[in-house]
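Only one structure is covered here, and it is reproduced in the block below.
The values are calculated or read from the model by the stated rules, or taken from the named source; none is laboratory data. This is a predicted model, so every value here is computed, not measured. Cβ placement follows ideal geometry from the backbone for every residue including glycine, while neighbour counts extend to all protein chains displayed. When the accessible area is computed, the model is the full protein with side chains, heavy atoms only, and any ligands, DNA or RNA have been set aside. Shrake-Rupley method; radii C 1.70, N 1.55, O 1.52, S 1.80 Å.
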Amino acid sequence: MKIHEYQGRDLLRAYGIPVPAGQTISSIEEAAGAFKAATASQSSPLAVIKAQVHAGGRGKAGFVKLVKTAAEAEAAARFMLTNRMKSPQTPPEGLEVSKLLVAAGVDIADRAGGGKEEFYLAITTDRRTRRNVLIASREGGVEIETIAHERPEAIIKEILHPLTGLAAYQARNVAARLGFTGKLINQAADAMVKLSKLFVEKDCTIAEINPLVIASVTGANGSSEKQVLAIDAKFNFDDNGTFRHKDIEAMFDPTEENPAEMKARKFGLSYIALDGSIGCLVNGAGLAMATMDVVNLHGKTPANFLDVGGGASEEAVTEAFSIILSDKAVKGILVNIFGGIMRCDIIAQGIINAATNYKNADGSTGFKVPLVVRLEGTNVDAGRKLLTDAKAKLPTLQAATDLTDAAKKVCAAVG
Ligand code: GDP
Ligand code: MN
């Protein structure tokens, strides 16, 4: 599960990592007021307007803008709320932006030798060592992907102890290697330790700050000081862990998800949309993958991955059909079910009922697209007989003898 940056910033704040103040808006009219609030305590006003979508690469796409006046804030808000954001991390058609973060802008310190003081910091799981790992780089900011690819030596990795996590000495060591000096070493190390604590306590799969910056701030006596600040936050959580974090679950934003996948989740089905033409309805993830392979082998590509789970009840099949057929690219459906605990004759009857009662977009009932059913398992003969006998009611229905037969039939039927 992903969350928005503004929610990520709240989490960082809750764990004591310094983040500039800000608020979200969802209309152009709110921009000027939010700009004034964000810059109220600054002598030379600077705010940043940022699109809140579940995708990165916003800076390069023009969806992170520094603004100095209320009018500029309004113009930036207008641009972001009326254009779709396209980046290498979005679908080709881009994402609609409905919420913006308006935060106090940060004066990022210049780095000796050129550039700005922007760092990359993340905690994730390293599969090779089967440990959590701190990943850090002195070259944070919008180029991190390129840098990781072209100069992997610019990326520092520090493995976390499975029980005690990231030790303070490890964090200080990494901070020094990143080039932090003086009291900023402790500030950066503190951010790393807190981020790793957050990562573990909230069951994250990734917790990322990019960039962590050295900001030039005006101290209490008017002098210029340096301070470590997080100005972006990206989190991903383990879906199997969210049940024990009501605060995280509450951050879920359904508008950022594929609607068909959302509907499937509601009915306990696992559905992943793909871009082929054959809808696949299967019980069990392994069977789903085998089915997709066999469809590919016979010349077509799957439109989805849909696992109805062990039960394959009539209700689940009905929902699965409607989810699959909500994808207009689907030209035929292959049902591949192994009847173990649930008997094949019961499953067959469920499929027949679901297909007969299926409501088409034009108001008529009964399945119109080619439907090939392959059953195997307990009472399979009774199940196949039911399917064959249903032919009069369901002219597009075909029973298959095995998986290869099923794949051939459905590929042939869609032409
Ligand atoms: P992303 O492109 O989606 O990762 O968005 P970020 O929030 O990381 O912003 C992209 C870039 O914009 C950062 O790497 C900074 O260089 C710049 N940026 C963002 N916020 C500020 C700010 O408050 N002050 C300054 N000077 N630059 C900022
Ligand atoms: Mn970023």
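Below are the figures for this structure:
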item: Considering only the chain, percent of DSSP beta bridges that pair antiparallel, nearest 5; result: 75
item: Under-5 Å amide H pairs with Ala21, H placed in peptide plane, nonlocal only; result: Ala104
item: From phi via Karplus (6.51, -1.76, 1.60), per-residue ³J(HN,Hα) for region 132-142 in Hz, x at Gly/Pro; result: 6, 9, 8, 10, 9, 8, 6, 10, x, x, 6
item: Rounded accessible area per residue of region 1-130, 1.4 Å, Å²; result: 48
item: Share of carbon and sulfur in the accessible heavy-atom surface of region 83-194 [1.4 Å probe, %]; result: 50
item: Gain in span if fully extended, Asp402 to Lys359, counting 0.36 nm per residue against the direct Cα distance; result: 12.6 nm
item: Backbone HN-Hα couplings from phi across region 50-63 [Karplus 6.51/-1.76/1.60, Hz, Gly and Pro as x]; result: 9, 5, 9, 9, 7, 7, x, x, 5, x, 5, 7, x, 10
item: Mean ellipticity per residue at 222 nm, deg cm²/dmol - from DSSP H runs of n ≥ 4 across the chain, formula -39500 (n - 2.57); result: -10500 deg cm²/dmol
item: DSSP bridge pairs, region 275-415: antiparallel proportion in percent, nearest 5; result: 5
item: Amide hydrogen neighbours beyond the local backbone of Thr205, cut-off 5 Å, H modeled; result: Asn236, Phe237, Asp238
item: Residues His161 and Lys36, FRET efficiency given R0 of 45 Å [Cβ-Cβ distance, rounded to 0.05]; result: 0.45
item: Accessible area expressed per residue, region 157-272, with surrounding protein chains retained (probe 1.4 Å, Å²); result: 52
item: Principal-axis tilt of helix 403-414 within the chain, Cα atoms, nearest 10 degrees; result: 90
item: Debye-sum result for the chain in log10 I(q)/I(0), which assumes one identical scatterer on each alpha carbon, at q = 0.06, 0.10 Å⁻¹; result: -0.36, -0.81
item: Sum of side-chain charges, Ile108 neighbourhood, beta-carbon under 10 Å (Lys, Arg +1; Asp, Glu -1); result: -2
item: Size-normalised alpha-carbon gyration radius of region 150-212, reference 2.2 N^0.38 Å; result: 1.13
item: Set of aspartates and glutamates near Lys226 by C-alpha distance (under 14 Å), chain-local residues within fewer than 8 positions excluded; result: Asp107, Asp110, Glu117, Glu118
item: Listed residue pairs exceeding 32 Å between alpha carbons, taken from Lys116/Lys234; Lys246/Lys359; Lys99/Lys157; Lys328/Lys409; result: Lys246/Lys359; Lys99/Lys157
item: Accessible area of region 217-297 belonging to carbon and sulfur atoms, whole % at 1.4 Å probe; result: 54
item: Per residue accessible area in Å² of region 310-387, where ligands, DNA and RNA are left out and the probe is 1.4 Å; result: 43
item: For Glu72, solvent-accessible area (1.4 Å; no DNA, RNA or ligand), Å²; result: 80
item: Cβ-defined net charge surrounding Gly279, 15 Å radius [Lys, Arg +1; Asp, Glu -1]; result: +2
item: Segment Phe79-Asp107, length gained on full extension (0.36 nm per residue, minus Cα span); result: 7.7 nm
item: Per-residue HN-Hα couplings for region 386-395 [Karplus 6.51, -1.76, 1.60; θ = phi - 60°; Hz; x = Gly/Pro]; result: 4, 5, 5, 5, 7, 3, 5, 6, 10, x
item: Contour excess over end-to-end distance, with Cα ends at Asn258 and Glu225 and 0.36 nm allotted per residue; result: 7.3 nm
item: With Cα atoms, 0 to 90° folded angle of helix 314-325 axis to the chain main axis; result: 70
item: With every protein chain in place, region 1-80: carbon and sulfur % of accessible area (1.4 Å); result: 56
